[in-house]
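The values are calculated or read from the model by the stated rules, or taken from the named source; none is laboratory data. Since the model is a prediction, treat every value here as computed from it, not as a measurement. Virtual Cβ from ideal backbone geometry, glycine too; neighbours counted across all protein chains shown. Only protein heavy atoms, including side chains, enter the accessible area calculation; ligands, DNA and RNA are left aside. Shrake-Rupley method; radii C 1.70, N 1.55, O 1.52, S 1.80 Å.
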Amino acid sequence: GFAKMDEGRVDSLQSAIELFQLGKFKEARVQFDTYLNIYPDDAMALFHLGEIEMGDQNYDKAIANYQMVINTVDFELKDYAQLHLGQCLVLFEGKQSKKLAVKYFKMVLDHSDTRLHAIAKAYIAMNQ
């Protein structure tokens with residue numbers, strides 16, 4: 001995804017991702033927020049911000065971020081976003097959203113990359 005981006009934009013996004021990877025979530029959140037003010041549709045930034053929100057148990061905010069990622073046409077981590085969105089629905093809203101969560105877990109099974117299929121199947125079984 002970086003190929004089509006200008007250098008300043010790449011540096012800004014990479015800097016935020018590096019902070020995220022170092023576990024500096026507070027600093028990363030600030031950088032992702034700043035970045036998303038300029039590039040509001042950037043799936044990679046939205047995904048990582050969703051990860052931070054999920055880790056902070058801000059499930060409603062994480063859900064909103066993951067939903068925006070899932071609506072992105074071609075994103076390499078879309079299956080992770082679907083899986084984590086389903087997890088957030090179960091954690092945030094409990095029983096009422098299990099059906100919706102299962103819908104997202106099943107979407108993971110539609111991906112040709114099977115890396116998350118076993119996990120998705122387990123979550124489907126747990127939430128039927």
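For residue 72, the conditions (1) within 13 Å of the chain's Cα centre (by Cα); (2) open to solvent by 90 Å² or more (accessible area, probe 1.4 Å) are fulfilled apart from (2).
The range 1-86 holds helices (runs of 4 or more DSSP H) entirely within its bounds, and those carrying 3 or more residues that are among the β-branched types (Val, Ile, Thr) map to 25-38, 59-70. Exactly one residue out of 33, 6, 11, 41 is under 14 Å from the mean Cα position of the chain (by Cα) and either at pLDDT below 95 or under 27 Å from residue 89 (Cβ atoms) (or both), and it is 41. Scanning the range 67-90 for residues that are in contact (Cβ under 8 Å) with a residue 24 or more places away in the chain, under 13 Å from residue 43 (Cβ atoms), touching a helix residue (DSSP H, G or I) at 6+ places or on another chain (Cβ under 8 Å) and not hydrophobic (A, V, I, L, M, F, W, C) returns 72, 78, 79, 80, 82.
Would you mention how many residues in the range 112-127 are part of a loop (DSSP other than H, G, I, E, B) and either surrounded by 15 or more Cβ atoms within 10 Å (Cβ to Cβ) or touching a Leu at 6+ places or on another chain (Cβ under 6 Å) (or both)?
Narrowing the range 112-127 to residues part of a loop (DSSP other than H, G, I, E, B): 112-116.
Among the residues that remain, those that are also either surrounded by 15 or more Cβ atoms within 10 Å (Cβ to Cβ) or touching a Leu at 6+ places or on another chain (Cβ under 6 Å) (or both) are: 116.
So the answer is 1.
Does residue 105 satisfy the criteria of being of a type outside the set (S, T, N, Q), open to solvent by less than 30 Å² (accessible area, probe 1.4 Å) and not in a helix (DSSP H, G or I)? Taking the combined requirement at face value, the residue does not satisfy it. When the range 23-57 is filtered for residues that are within 23 Å of residue 79 (Cα to Cα) and among the aliphatic types (A, V, I, L, M), the ones remaining, listed by number, are 28, 36, 43, 44, 45, 46, 49, 52, 54.
Can you find, within the range 30-64, the residue that is most open to solvent (accessible area, probe 1.4 Å) among those that are under 13 Å from residue 13 (Cβ atoms) and among the β-branched types (Val, Ile, Thr)? Applying the filter and picking the extreme gives 38.
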